[in-house]
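Student: Below are the structure tokens for one structure; questions will follow.
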């Protein structure tokens, strides 16, 4: 596995005195781009520059910075402005298809090229009764959650320096609820993500919690055989008690390639998804990703970041 390091920010002078990070679990860019003052100053300078003298390169920096902080509204806004001036820019068109169409096409496909991750978000994925059922379930079974491990093919091991999460098994009815909702979407997702259509071997599902300090180091789910199949699609359904009482727990989707032998990802180019209650996000399993550490004022289980996550193996 190789990583690629390039600065996501050109205004280095703005970084002095603004970087606040004691987190060594992710590249520094993931941490310092949670600094609202830093991001505000960077965007202000870039927007002033692009308004006085339009540049495709500056538009790309604005779009990349907004996706790094998880502001999808601004990503779409500046993509449209970028394309209105540079309608044939390849990078702008790719990102437009990714963020607005949720569909890439064959001209985008190069297994060796490191590119932003494809994904699809479904809001209000469960109805209110279903959502509240799982809130009630985690409260009832707080003491039954166990430390989660890291899978290496068919082998797993617990390593809290790389992953600190807890899990609880779902029963068959709970699994079927998600399978019924996801299965009809699979063919369309494979088509939109330019993935080969094969027979589904298994839906993997489990209920997880990221308590205070919970995180998951950078990893990928695809390319490894588990029980005779390969994970092709990964997904996470988020739910939590409102009002939200935690920060962090963001899903970081790193720009990656899809090469089975030379896995690469870009440490400083990524899409940040900030968890939203009752939303599900699904993406191709070969993209490198991780979960940033969860923080909350007081360590309180019911205020944690909960998820039902899984993979679809083919």
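Bear in mind that the values in this text are calculations on the coordinates, not laboratory data. From a predicted model like this one, the values you see are computed outputs, not experimental measurements. Cβ sites come from the backbone with ideal geometry, for glycine too, and all protein chains shown count toward neighbours.
Student: Would you order 247, 111 from fewest to most other beta-carbon atoms within 10 Å of each residue's own beta-carbon?
Tutor: Fewest-to-most Cβ neighbours within 10 Å comes out as 111, 247.
Student: Calculate, in nm to one decimal, what residue 185 and residue 300 gain on full extension: separation in residues at 0.36 nm each, minus their alpha carbon distance.
Tutor: Computed gain between residue 185 and residue 300 is 37.8 nm.
Student: Note the full-extension length gain between residue 51 and residue 244 as 0.36 nm times their separation in residues minus their Cα-Cα distance, in nm to one decimal. Present the calculation step by step, with values, prior to reporting the outcome.
Tutor: Details: separation 193, 0.36 × 193 = 69.48 nm, distance 3.66 nm.
Length gained between residue 51 and residue 244: 65.8 nm.
Student: Something else: Could you work out how far the C-alpha centroid of region 159-224 sits from that of region 227-287, in angstrom?
Tutor: A separation of 10 Å, based on Cα centres.
Student: Distance in nm between label sites at residue 90 and residue 108, each 7 Å beyond Cα in the beta-carbon direction?
Tutor: 1.5 nm
Student: How far is helix 36-52 tilted off the main Cα axis of the chain, in degrees rounded to 10, range 0 to 90?
Tutor: 40 degrees
Student: For the chain, what does the helix formula give at 222 nm: sum of -39500 (n - 2.57) over DSSP H segments with n ≥ 4, over the residue count, nearest 500 deg cm²/dmol? Numbers along the way, then the final one.
Tutor: Details: 8 runs with 88 residues, N = 314.
Result for the chain: -8500 deg cm²/dmol, rounded to the nearest 500.
Student: How tilted is helix 56-69 with respect to the longest principal axis of the chain? Cα atoms for both, answer in degrees (0 to 90, nearest 10).
Tutor: Between the helix axis and the principal axis of the chain, the angle is about 30 degrees.
Student: In Å and whole numbers, how far do the C-alpha atoms of region 72-163 stretch along each principal axis, longest first?
Tutor: Each principal axis gives a Cα extent; for region 72-163 these are 57, 36, 23 Å.
Student: Right, something else. Could you work out how far helix 128-140 tilts from the main Cα principal axis of the chain, as a 0 to 90 degree angle to the nearest 10?
Tutor: With rounding to tens, the tilt is 70 degrees.
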